[in-house]
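Scroll down for the structure; my scribbles are underneath it.
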Amino acid sequence: MAWRFKASKYKNAAPIVPKAEACVREICVGSYQTYGNNIAASAAFMAFNWEHTGASVAVLPLDDCGRKSKTMPLLHGHTDTVTDLKFSPFHDGLLATASQDCLLKIWHIPEKGLEQSLSDPEAVFSHKQRRVETIGFHPTADGLMYSTAAGCVTLFDIATQKEIFSNNEHPEVIQSASWREDGTVLATSCKDKCVRIFDPRAAGSPIQMVAESHQSIKDSRVVWLGNQPRLLTTGFDAARLRQVIIRDIRNLNVPEKTLELDCSTGILMPLFDPDTNMLFLAGKGDTTINYLEITDKDPYLIEGLRHTGEQTKGACLVPKRALKVMEAEVNRVLQLTSNMVIPIMYQVPRKTYRDFHADLYPETTGYKTELIASEWLNGTNQSVPKMNLDPAKREHGGDPIIPRLGPKPFSSNSGDVSFDKVFAVPVAPGSHENLSNVGQDNGSELPMQAAKPDLLVEIEIKKQPEPAVVAGNGNANGVQKSLTTSERRKIFEQNSESSENSTEGEDRTDSDLRHLTAVRSSIAERRRLYENRSKSQVDEKAQSPVPLRRESSKVEPHKSSHQSVGSNMLNAQAGSLDSKRISVPEGKLMDEHRRGNGNASGIKKSATEAAFSAASTKRTSTVFGKVSKFRHLKGTPGHKSTHIENLRNLSRQIPGECNGFHANHERVAVPLSGPGGKIAIFELSRPGRLPDGVIPSLVNGSNIMDFQWDPFDAHRLAVACDDGIVKLWRIDEGGLSEPTNSPQAELTAHLDKIYFIRFHPLAADVLLTASYDMTIKLWDLRTMSEKCALSGHTDQIFDFAWSPCGKLGASVCKDGKIRVYNPRKSETPIREGNGPVGTRGARITWAVEGQYIVCTGFDKVSERQISVYNAQKLNAPLNTASLDVSPSILIPYYDEDSSTLFVTGKGDSTIYCYEITDEEPYICPLSHHRCSSLHQGLSFITKNHCDVASVEFSKAYRLTNTTIEPLSFTVPRIKSELFQDDLFPPTRVTWSPTLSAEDWFGCNDKAAAKISLKPEGMDTLSSIQQVPAPAKKSEPTPTPTQQFVTKSDYESNKQQEIQKSVSARMEYNTKLEQDEMEGVDENEWQE
């Protein structure tokens, strides 16, 4: 029995709590009803739920401390509570999050942590309509992730972004899952009070063993005890006492040890260290953290020192390689409280801490593995090599272990998987990868790396290089190669400026390219860098990175001084770089070509270059997606003094086809609950708290189906009722003083209910109605007569939108079709195509001067999505962006001047913003606006009421449960005292009629007038302090082909004017400090 008294090296491990100054303080953490621990840690970072909803995640460096601001950068990745989050065991910057919004997202944390909020993940996986409960990574296979949702266990291969396994055999919700240390089997605890051993690679059913566990359906947890054939579970018994049970899988039905604790309500989160057999039990809501040591013989659980402190919201262990081994720290628990993250160090008392105590630190599992997901799935088992924590035996000696920050990019040795496919990152327009593959058949494949791919190492993607464009004799000895992502990033940094008001100055010399290194940044960081440093329109010189040419293919004649400097630098580096890629900015190549005189010594015009020149005239995109002047738009709610407060009795019974809230620049219309179909009218000129009592309203007598303000008359409101009658109300100056039931006019439009009504955008007194009888009618409100009737719908009509020219209209129907009508020419659709497949509702609008149609709706699994169609070809969408799973229909508003699409739904708190473009990817995300509360409706007003002096390009009113708030969308600019004419082009007049109803029905079309929004006395950015342009060098007359690809005069002049105006306002001095210093005599140097 001597073993009973064998002293453990860790029995006296004491918890050491740092002072408050060494903790992360003043954070905001709520109480979340999830099966996760609410906090996770890698060797570099910690991540935890933020705010009371828990939809955002805060990520901080592991050794961070001090007070944190409420505006600190966060991961805004989910629309509902984040249920679980885990870091990869092989990449400290790779974070996986799961949420109640049914999505799993992969994030890449930059090396320096979050410097600004992120909302774009590296990869997204969906569990469709199932709330995701737990998430985690495989312990031995790199890039293999598991998740559980309801009774389903799913495995994902991150490198290929594919689901590789799914099983639904659990009868109830899976509450916890844990891999064995060797990665062979998975243990799960389920709400049906059973624990299971699960092998995804087994033939037949993957469930290998089942045993009854804790006899309560409350939360339970399971954890493997390292590589032992034993597992530990925590939960509640039938009397709701908290339990800890140890089982041996060789006799799973008989517990090896059962420990009953207390009757507290919080689940015990087990944190186990397999190297030291130390177990920490942190109960949610408890103020104590228990430490126990696990043995392989009775008594199995030996209690150690208990820590008592703050109330626990979550807890996790820090990886062993991040511990302070020279201080005898054997474990560190991160305790998440309501306002702090407390790092609790467990230290073994020793006489001295000057030496490394090897007896406390057995070799621990390393962070490098050769096994990938596909190999594991095919049956390969391979343990992760161990590592020694002794600083004298580590790779970098006493220095801290360098964190592995994740894939750069994800890699695979399969030919069909590439960086572009993994992350779906669009190729830069203008780069040769995005153009026609001219002459690729002559190239040879680049060799792949022989070693097994590691998610961290860069690989050469299989690609056939293009033949070089060779000067002079035209031979193709030199081979062009594409730039690496790092080199693209470096070149783009040097060719772009972060300030949106600044313009491109002198061309940078090629000597700047000497800074190219092998250091790779994270995917998210590079995307952010590109977006921050780019402008939405290209300058005359190309900003896209270019393929490289070998030195032999460089053009010697017709070089500028800048290019000569760059060439000398590149020649000097040729010996050291050898076969490495050397880049030449493509803008300079095009300049060489333009300066060429057409002889044999110039660069020959190729189809690739012509395509590049044509592409460069479009709005700029980078290799990491669309970059726009409106990328960082900002939504700002109005001051509280401008709010209308104390709203009561808002109606929640408005049909889905109705937006539920409409505003113009003078007043708003809000439907009220109760019988009679009442609509309240509030004057925007009288903000403040509404008095208690009866709210004056328009009493329609029937249920309201839809209502809309006349776009040309702020006093006229049209209301459609379920009896098929449209009532026209006239609101007197000063608003309503008492309830009224006497409309100005009534229009009996249909014999059945009306879905919605729409005013014509250009013609006065033209109204469209759509009814349950599946017809659409057009009315002349002057004569109250029907003019047109449109047919062709076979089911409920969801929405109808007029084109900007007012000639065409588009509808979306429950039968899954989009139809385009020319109402004055034909009653049947002129074009038809497939729309959203979901039947819960949809909306439609036109974009980019009527060239494209944007449709919002649902897919088969009720996930909200936005699709962009070519208005001339409706057979399939050009691109579709998926958002989340929510019951509310996305209501779109399109601002044609900025090409910005705002979408949101009733009951949402986020306004999603996108830019619609005429090139891939067609729909580009901008900065979304998150509101402080849920809204019931959103209504935008016309452009002439925007405060352009404050760079406000759009203005809306937001309806909440109790208030009406103004919302302003602006673009941050440095020189806001100037009129930003690059943001505010001449705008169409949509607040005054362009033609009468008689003219429109008579096909006498007329284009809407355009006016400038520039206030009087305000200088424009492009016209102030004009500087005479320097005399241009004589250039040869361009060929017709070159003239075709040149930018329009308006664009070029505008860019030049802005450049001159900004240059004129900048103070610069060309004198150097050393010019005024006295030197030594020349003879002194000779001596």
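The values are calculated or read from the model by the stated rules, or taken from the named source; none is laboratory data. Please read all numbers here as calculations on a predicted model, not as lab measurements. Heads up, the Cβs are rebuilt from the backbone with ideal geometry, glycines too, and the neighbour counts pull from every protein chain shown. The accessibility values were calculated without ligands, DNA or RNA, using every heavy atom of the protein model including side chains. Shrake-Rupley method; radii C 1.70, N 1.55, O 1.52, S 1.80 Å.
Pairing residues of the stretch 771-795 that are within 14 Å of I754 (Cβ to Cβ) with residues that are assigned to a strand (DSSP E or B) and open to solvent by 70 Å² or more (accessible area, probe 1.4 Å), at Cβ distances under 6 Å and at least 6 apart in sequence or on separate chains, gives K777/E786; L778/K787; W779/E786. When restricted to residues that are in contact with a Ser or Thr (Cβ under 8 Å, 6 or more places away or on another chain), surrounded by fewer than 21 Cβ atoms within 10 Å (Cβ to Cβ) and closer than 24 Å to Y755 by Cβ, the stretch 718-741 contains 4. Within the stretch 742-772, being within 20 Å of N703 (Cβ to Cβ), assigned to a loop (DSSP other than H, G, I, E, B) and open to solvent by 40 Å² or more (accessible area, probe 1.4 Å) holds for S742, L751, D752, K753, Y772.
Listed by first and then second residue, the pairs linking a residue in the stretch 4-33 that is of a type in the set (F, W, Y) to a residue that is at pLDDT below 85, with Cβ atoms under 6 Å apart and 6 or more places separating them unless they lie on different chains, are Y32/G54. You will find that of A149, A177, the residue that is touching a His at 6+ places or on another chain (Cβ under 7 Å) and under 24 Å from T233 (Cβ atoms) is A149 and no other. The single condition among (1) open to solvent by less than 70 Å² (accessible area, probe 1.4 Å); (2) closer than 23 Å to P877 by Cβ; (3) part of a strand (DSSP E or B) that D795 does not satisfy is (3). Of the residues making up the stretch 102-134, those that are within 15 Å of the chain's Cα centre (by Cα) and assigned to a loop (DSSP other than H, G, I, E, B) number 8.
Listed here are the residues, each with its yes/no results for (1) open to solvent by 20 Å² or more (accessible area, probe 1.4 Å); (2) at pLDDT 90 or above.
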residue: M1; (1), (2): yes, no
residue: N12; (1), (2): yes, no
residue: R25; (1), (2): yes, yes
residue: C28; (1), (2): yes, no
residue: I39; (1), (2): no, yes
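The condition of being touching a Leu at 6+ places or on another chain (Cβ under 9 Å) and more than 24 Å from D120 (Cα to Cα) holds for I853.
Based on this model, can you work out whether K860 counts as within 30 Å of I964 (Cβ to Cβ), of a type in the set (K, R) and either open to solvent by 10 Å² or more (accessible area, probe 1.4 Å) or at pLDDT 90 or above (or both)? Taking the combined requirement at face value, the residue does not satisfy it.
Going through D262, D298, D275 one at a time, which residue ends up being more than 20 Å from S176 (Cα to Cα), of a type in the set (D, E) and within 41 Å of the chain's Cα centre (by Cα)?
On the way: D262 fails: within 41 Å of the chain's Cα centre (by Cα); D298 fails: within 41 Å of the chain's Cα centre (by Cα).
Step by step, each of D262, D298, D275 is checked, and only D275 is more than 20 Å from S176 (Cα to Cα), of a type in the set (D, E) and within 41 Å of the chain's Cα centre (by Cα).
Annotation: of all residues in the stretch 278-299 being of a type outside the set (V, I, T) and surrounded by fewer than 18 Cβ atoms within 10 Å (Cβ to Cβ), the one that is farthest from I245 (Cα to Cα) is G285. Selection of the stretch 798-842 for residues being assigned to a loop (DSSP other than H, G, I, E, B) and of a type in the set (A, V, I, L, M) yields L808, I830, V837, A842. Considering only residues that are polar (S, T, N, Q) and open to solvent by less than 50 Å² (accessible area, probe 1.4 Å), look in the stretch 120-142 and name the one that is nearest to N381 (Cα to Cα). Residue satisfying both the conditions and the ranking: T140.
Against the definition (surrounded by fewer than 14 Cβ atoms within 10 Å (Cβ to Cβ), modelled with pLDDT under 90 and within 36 Å of the chain's Cα centre (by Cα)), how does G415 come out, yes or no? It is true that G415 is surrounded by fewer than 14 Cβ atoms within 10 Å (Cβ to Cβ), modelled with pLDDT under 90 and within 36 Å of the chain's Cα centre (by Cα). Based on what the data block shows, is S88 surrounded by fewer than 21 Cβ atoms within 10 Å (Cβ to Cβ), touching a residue at least 24 places away in the same chain (Cβ under 8 Å) and either among the polar types (S, T, N, Q) or out of contact with any strand residue (DSSP E or B) (no Cβ under 6 Å at 6 or more places or on another chain) (or both)? For S88, the condition - surrounded by fewer than 21 Cβ atoms within 10 Å (Cβ to Cβ), touching a residue at least 24 places away in the same chain (Cβ under 8 Å) and either among the polar types (S, T, N, Q) or out of contact with any strand residue (DSSP E or B) (no Cβ under 6 Å at 6 or more places or on another chain) (or both) - is not met. For the stretch 698-717, taking the residues that are outside any strand (DSSP E or B) and under 22 Å from L650 (Cα atoms), the one that is most open to solvent (accessible area, probe 1.4 Å) is identified as N703.
Touching a Phe, Trp or Tyr at 6+ places or on another chain (Cβ under 7 Å) and surrounded by fewer than 22 Cβ atoms within 10 Å (Cβ to Cβ): does that describe I207? Can you show your working first?
Working: touching a Phe, Trp or Tyr at 6+ places or on another chain (Cβ under 7 Å): yes; surrounded by fewer than 22 Cβ atoms within 10 Å (Cβ to Cβ): yes.
The answer is yes for I207.
Across the stretch 227-277, the qualifying residues are those that are within 24 Å of S8 (Cα to Cα) and basic (K, R), and the one among them that is surrounded by the most Cβ atoms within 10 Å (Cβ to Cβ) is R247. Evaluating Y755 against the criteria (1) free of Cβ contacts under 8 Å to residues at least 60 places away in the same chain; (2) closer than 26 Å to D859 by Cβ leaves one unmet condition, (1).
Answer yes if at least one residue in the stretch 764-777 is of a type in the set (D, E) and under 20 Å from S791 (Cα atoms), and no otherwise. Checked against the condition, which is being of a type in the set (D, E) and under 20 Å from S791 (Cα atoms), the stretch 764-777 yields at least one hit.
Taken over the stretch 809-856, the residue count meeting the criterion of being open to solvent by less than 40 Å² (accessible area, probe 1.4 Å), within 14 Å of I776 (Cβ to Cβ) and of a type outside the set (A, V, I, L, M, F, W, C) is 8. Within the span defined as the stretch 946-968, every residue fails to be among the basic types (K, R) and at pLDDT below 90.
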